[in-house]
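J.: I have a structure here, written as structure tokens, and I will follow up with some questions on it.
No lab work stands behind these numbers, since they all come straight from the coordinates. If you're wondering where the values come from, they're calculated on a predicted model, not measured in any experiment. Every residue, glycine among them, receives a Cβ derived from its backbone with ideal geometry; neighbour counts consider all protein chains shown.
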Amino acid sequence: MNSAIEHQLHHRTIRAFTAQEIPATTIDTLIDVARHTATSEFLQAFSVISVTDPQLKKAIAAISKQTYVGDNGHLFIFVADQHRNAQIGHEMGQDENKVGGTNKFLAAASDAILALQNTVVAAESMGLGTVVLGSILNDAGQLIDLLHLPQLTFPILGLAIGYPDQEPQYKPRLPKKFMHFENSYQLSTPLIPQLKAYDAEVHEYYDLREANRRVDTFTNQVNRSLLNVPEKRHELLQLLHQQGFLLE
């Protein structure tokens, strides 16, 4: 066990930040961490947008339906970006490319996700709190317009960081036996009886936590999510096509 692992094992999502401003040097350091993340084929097919305009932050908060996104803290949007690589090819006389294909899109999305996670680890090691925002895809079309994203780019995740203004409890994680297998996938069924103890742990967490208490279990959450797709997310494939991806 070391300090880096301690930070990761004690990760908590922070949704309330103080008004303390994050120094520009800290933002620069976090961007440097993102830049040095592992990348597929060394194509570095991602970009990061810092959202500093208050009105733009409010618009993104409305998309995410998370009001705190427009409050204190710093907002990053991590973008899968094959536009830059296509432009390099164009300037070298190569206009035919495969960067809009599924393979290259997944590589760019992976680059963006890995960079975000590295940024989270770095931010938390500096005493900052973080919240990852998949909710920016609630209206990806509007977000693309707001950020003026060109062809062959796509927003993947948002990340809000700041100095914590809350201390939420640690959320219990799924036991290892349901997530880690050796040599082959080995999930045994039925699952519900095996998850009884974990459901009880999650129920206790929701019942005792300081904010937004509710009666719930892990299996109930999963069951509710199976058909729950926010309205605008039905447009994601169409928007990926619009941005030049997954057309093969």
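J.: How would V215, V69, V121 line up from fewest to most surrounding beta-carbon atoms within 10 angstrom? It would help to have the intermediate numbers written out before the result.
T.: Details: V215 8, V69 24, V121 14.
By the 10 Å Cβ count, ascending: V215, V121, V69.
J.: Can you pull out the GluC sites (Glu not before Pro) in region 19-94 that DSSP calls coil and that have at most 16 other Cβ atoms within 10 Å?
T.: Qualifying residues, ordered by number: E21.
J.: Of all the stretches in the chain, which is the longest one without any exposed loop site, taking chymotrypsin sites (Phe, Trp or Tyr not before Pro) in a DSSP loop (any state but H, G, I, E, B) with at most 16 other Cβ atoms within 10 Å?
T.: 1-169
J.: For region 116-212, which GluC sites (Glu not before Pro) are in a loop by DSSP, counting at most 11 other Cβ atoms within 10 Å?
T.: Filter output for region 116-212: E182, E210.
J.: Rank Q87, Q221, Q151 by mean-square fluctuation in a GNM of the chain with C-alpha springs under 10 angstrom and give only the top-ranked residue.
T.: Maximum fluctuation in the GNM of the chain, among the listed residues, is at Q221.
J.: Of G101, H241, Q169, which is farthest towards the positive pole of the chain's charge dipole, taken about the Cα centre with +1 and -1 on the beta-carbons of Lys, Arg and Asp, Glu respectively?
T.: So the residue furthest toward the plus end is Q169.
J.: Sticking with this one: What's the FRET efficiency of Q186 with S225 using the Cβ-Cβ distance as r and R₀ = 25 Å, to the nearest 0.05?
T.: It comes to 0.60.
J.: With the chain treated as a Gaussian network of Cα nodes joined by springs under 10 Å, which of L191, L159, L30 yields the largest mean-square fluctuation?
T.: Of the options given, L191 has the highest mean-square fluctuation.
J.: A further question follows. What is the total of Lys pairs in the chain with C-alpha atoms under 20 Å apart, excluding same-chain pairs fewer than 8 positions apart?
T.: Values: K57/K65; K57/K232; K58/K232; K65/K232; K171/K196; K176/K196; K177/K196.
Number of lysine pairs found: 7.
J.: At 24 angstrom or more along the helix axis (alpha-carbon based) and mean Kyte-Doolittle of 0.5 or higher, what helices does the chain contain? Whole DSSP H runs only.
T.: 102-125
J.: Using per-residue counts of other Cβ atoms within 10 Å, averaged over each peptide, order 136-144, 234-242 from highest down.
T.: Highest to lowest by the protection proxy: 136-144, 234-242.
J.: Turning to a different aspect of this structure: In region 143-248, with Lys and Arg counted as +1 and Asp and Glu as -1 at Cβ, which of these residues, L208, I192, T153, has the Cα nearest the positive end of the dipole, that is, farthest along it?
T.: I192
J.: Calculate the radius of gyration of the Cα atoms of the chain to one decimal place, then report Dmax, the largest Cα-Cα distance, as a whole number, both in Å.
T.: Radius of gyration, then largest Cα-Cα span, for the chain: 19.9, 62 Å.
J.: Would you mind working out the magnitude of the charge dipole of the chain relative to its Cα centre, with +1 at each Lys and Arg C-beta and -1 at each Asp and Glu C-beta, to the nearest 20 Debye?
T.: Values: 20 positive and 27 negative charges, 140 e Å.
The dipole of the chain has a size of about 680 debye.
J.: Hey, got a sec? Which trypsin sites (Lys or Arg not before Pro) in region 75-152 land in a DSSP loop and have at most 16 other Cβ atoms within 10 Å?
T.: Of the trypsin sites (Lys or Arg not before Pro), the ones in loops of region 75-152 whose Cβ has at most 16 other Cβ atoms within 10 Å are K98.
J.: Moving to a separate point now. Per q in 0.13 Å⁻¹, report the Debye log10 I(q)/I(0) for region 161-248, using one uniform scatterer on each alpha carbon and no solvent.
T.: Normalising to I(0) and taking log10 leaves -0.76.
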